[in-house]
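Undergrad: Dropping a structure here in structure tokens format, bear with me for questions.
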Amino acid sequence: MPAREDNTPQTDRLLIVFSRNPVRGKVKTRLARRTSPDFALEVYERLRKITLNAIQSTDADLQIWYTDCIPVRDLLLEHPAEALLQQRGDLGDRMAGAFRRGYEQGYRKIILIGTDCPGITPDIIRKGFALLDTHDSVIGPAVDGGYYLIGLRFFFADIFDGIPWSTPDVCPMTRRKLRAAGRTVADLETLSDIDTLDDLRNSSLIIP
């Protein structure tokens, strides 16, 4: 559910989804190099459909943040949501900007996910929000060392600074930054993202 027209939250919970605009040749480029741009786009759209199913029954306001432009129509906007454009900068800058805006709007528990994880479910997202009742932060670790979900109940932009994105150090460094700041961290189950052909082969994702 989106915030009301005056941008005041309907709940204290906000779910942010980061999505690339689904354009041939611009998504899943590492997968495309081993297959084709058309196949990579098909995989990405399948992942976005899984994400849509995961976000439809979560009791939180919803924002979809796009990389290039705000589409007039998109499958992720089939569920009531606010559509926004990611700011410039690296992934950390863009994530910090989205969290900052959410707290400025008045949200108190914010979770951010991407659109690369075939194992994401409504239960995992609901569990993430529940863990924010008793912890300062929650992380959904990815097998490759990154994370598929991060949730915070405070604004702490430093955890996104100096992170070597797309490396196995992302999740460990983020945990260290949170704990060094005296923040409690809860972990969700470890899941796999799909970025490469090997990731796809090792997943249960079925492409029609």
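Undergrad: Restricting to the chain, what percent of DSSP beta bridges are antiparallel, rounded to 5?
TA: 30 percent
Undergrad: Amide H neighbours of S192 under 5 Å, at least 5 residues apart or on other chains, H built in the peptide plane: list them.
TA: Residues meeting the amide H criterion: G119, V143.
Undergrad: Then there is this: Given +1 on the Cβ of Lys and Arg, -1 on the Cβ of Asp and Glu, and no further charges, what dipole in debye does segment 142-208 carry about its Cα centre, rounded to the nearest 20?
TA: The dipole of segment 142-208 has a size of about 420 debye.
Undergrad: May I pose another question? Counting only protein chains, not ligands or nucleic acids, how are E42, E104, E82 ordered by accessible area (probe 1.4 Å), most first?
TA: Ranking E42, E104, E82 by accessible area, largest first, yields E104, E42, E82.
Undergrad: Taking a virtual spin label 7 Å from the Cα of T35 along the C-beta vector, which residues in segment 113-151 bring their backbone nitrogen under 16 Å of it?
TA: Taking a point 7 Å out along Cα→Cβ of T35, the residues of segment 113-151 whose backbone N falls under 16 Å are 115-119.
Undergrad: Stretch T184-D133 to full length: gain in nm at 0.36 nm per residue minus the Cα-Cα span?
TA: Result for the pair: 17.2 nm of gain on full extension.
Undergrad: Suppose all protein chains stay in the model; what accessible area per residue would a 1.4 Å probe give for segment 62-144, in Å²?
TA: Dividing the accessible area of segment 62-144 by its residue count gives 43 Å².
Undergrad: Please compute, for the alpha-carbon atoms of segment 75-191, the extent along each of the three principal axes and give them in descending order in Å.
TA: 38, 29, 28 Å, listed from the longest principal axis down.
Undergrad: Using the Cα centre as the reference, give the magnitude of the dipole from point charges on the C-beta atoms of the chain (Lys, Arg: +1; Asp, Glu: -1; all else neutral), rounded to the nearest 20 debye.
TA: 240 debye
Undergrad: Expressed in whole Å with the largest first, what are the equivalent ellipsoid semi-axes of segment 23-135 derived from the C-alpha gyration tensor as the square root of 5 times each eigenvalue?
TA: Result for segment 23-135: semi-axes of 25, 17, 14 Å.
Undergrad: Springs between alpha-carbon atoms under 10 Å, Gaussian network over the chain: tell me which of S19, S57, S166 tops the mean-square fluctuations.
TA: Result: S166 has the largest fluctuation of those listed.
Undergrad: Can I ask one more? Of the accessible area of segment 85-175, with the probe set at 1.4 angstrom, what percent is carbon plus sulfur?
TA: That fraction is 51 percent.
Undergrad: Same structure, new question: Output the peptides 31-38, 62-69, 110-117 sorted from most to least packed, where packing is the average of other Cβ atoms within 10 Å over each peptide's residues.
TA: Order by mean packing, descending: 110-117, 62-69, 31-38.
The values are calculated or read from the model by the stated rules, or taken from the named source; none is laboratory data. All of these numbers come straight from a predicted model, not from anything done at the bench. Don't worry about glycine lacking a Cβ; one is built from the backbone with ideal geometry, like all the others, and counts go over all protein chains shown. Quick note on the areas: whole protein, heavy atoms, side chains included, nothing else; ligands and nucleic acids left out. Shrake-Rupley method; radii C 1.70, N 1.55, O 1.52, S 1.80 Å.
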